[in-house]
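The next block holds one structure in the form of C-alpha cells; read it before the comments.
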Amino acid sequence: MKFRESNPRKQIMPNGTKKELVVGDCVVRAIVHATDKGYKEVFKELTEHALNHPSCLPINFPEVYEDYLYDLGFTKHKPKKNSKGKTYSVKDFPTSEGKRYIVLTRSHLTSIVDGEHLDAWNCGTYRANSYYQI
C-alpha cells in the first residue's frame, strides 16, 4: 500500500513546527481524511460531541470519537487477520477499492482511503487493530 504524507492541520497552522503539526490530533486528522470534511469542522463537531457526552471526555477518547463516527455512518469491525491468524500491519491492511477506513493501532488512529494510507507520518509498520469503515 502506498503511503502519502498528508496533514490537514497545516491549513490552520501553516507556520507550525513539525512537532506542533503531528502531536495529539490523530483522531481529527484520520476523520478529516476519511470524510473529506475540513479540519476545523471535524474539531468543532468532536468538541460538541464531547460536551454532550455524559462524562465530558476529551475528543481523543474512544467514547467520544466512536459516537461521532457512528453518527457519520461508520461501523466498527474486529481486526482483520491473515491466514496465520495474525493482525495485519497498516501497510499490509487489505482494502477494497473505493472504501474508506479509519484504523486503530495500539496508540494511534490513521486513515486509508481508496487503498492509500494518509497521515502526517508513516505508521505503516504498526499493527492494524480494530477499524471503522463507512
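The values are calculated or read from the model by the stated rules, or taken from the named source; none is laboratory data. In this text the structure is predicted, and so the values were computed from the model without any measurement. For neighbour counting, all protein chains shown are included, and Cβ atoms are generated from backbone atoms with ideal geometry for every residue, glycine included. Heavy atoms of the whole protein, side chains included, go into the accessibility calculation; ligands, DNA and RNA do not. Shrake-Rupley method; radii C 1.70, N 1.55, O 1.52, S 1.80 Å.
Given the pairs LYS44/LYS99; LYS40/LYS81; LYS40/LYS78; LYS2/LYS81; LYS44/LYS91, which span a C-alpha to C-alpha distance of over 23 angstrom in this model?
The pairs that break the limit, which is 23 Å between Cα atoms, are LYS44/LYS99; LYS40/LYS81; LYS40/LYS78; LYS44/LYS91.
Roughly speaking, what is the stretch gain from TRP121 to SER107, that is 0.36 nm per residue apart minus the C-alpha to C-alpha distance, in nm to one decimal?
Length gained between TRP121 and SER107: 3.7 nm.
What is the extension gain from MET1 to ASP71, computed as 0.36 nm multiplied by their sequence separation minus the C-alpha to C-alpha distance, in nm to one decimal?
Separation in residues times 0.36 nm, less the Cα-Cα distance, equals 22.3 nm.
Can you send over the solvent-accessible area of PHE43, 1.4 Å probe, protein chains only, in Å² to the nearest 10?
It works out to around 100 Å².
Report, to the nearest whole %, how much of the accessible area of region 20-71 belongs to carbon and sulfur atoms, 1.4 Å probe, protein only.
Here carbon and sulfur together make up 56 percent of the probe-accessible area.
Convex hull over the Cα atoms of region 63-105, averaged projected area in nm²?
One quarter of the hull surface, i.e. the mean projection, equals 3.8 nm².
With axes computed from alpha carbons, what is the tilt in degrees of helix 62-71 against the longest principal axis of the chain, rounded to the nearest 10 within 0 to 90?
80
Over the chain, what number does the Rg to Rh ratio reach, with both radii from the alpha-carbon atoms and Rh per Kirkwood?
A ratio of 0.96.
Accessible area per residue of the chain at 1.4 Å probe, in Å²?
Ligands and nucleic acids excluded, the result is 56 Å² per residue.
Taking the Cα centre of the chain as the origin and placing charges on Cβ (Lys, Arg +1; Asp, Glu -1), which of TYR70, ALA30, HIS117 is farthest toward the positive end of the dipole?
Value: HIS117.
For the chain, what is the mean residue ellipticity at 222 nm derived from helices alone (per DSSP H run of n ≥ 4: -39500 (n - 2.57); sum divided by total residues; nearest 500 deg cm²/dmol)?
-8500 deg cm²/dmol
Can you give the charge dipole size of the chain about its Cα centre, rounded to the nearest 20 debye, using +1 on the beta carbon of Lys and Arg and -1 on the beta carbon of Asp and Glu?
680
How do 100-108, 65-73 rank on mean C-beta neighbours within 10 Å, highest first?
With the highest mean Cβ count within 10 Å placed first, the list reads 100-108, 65-73.
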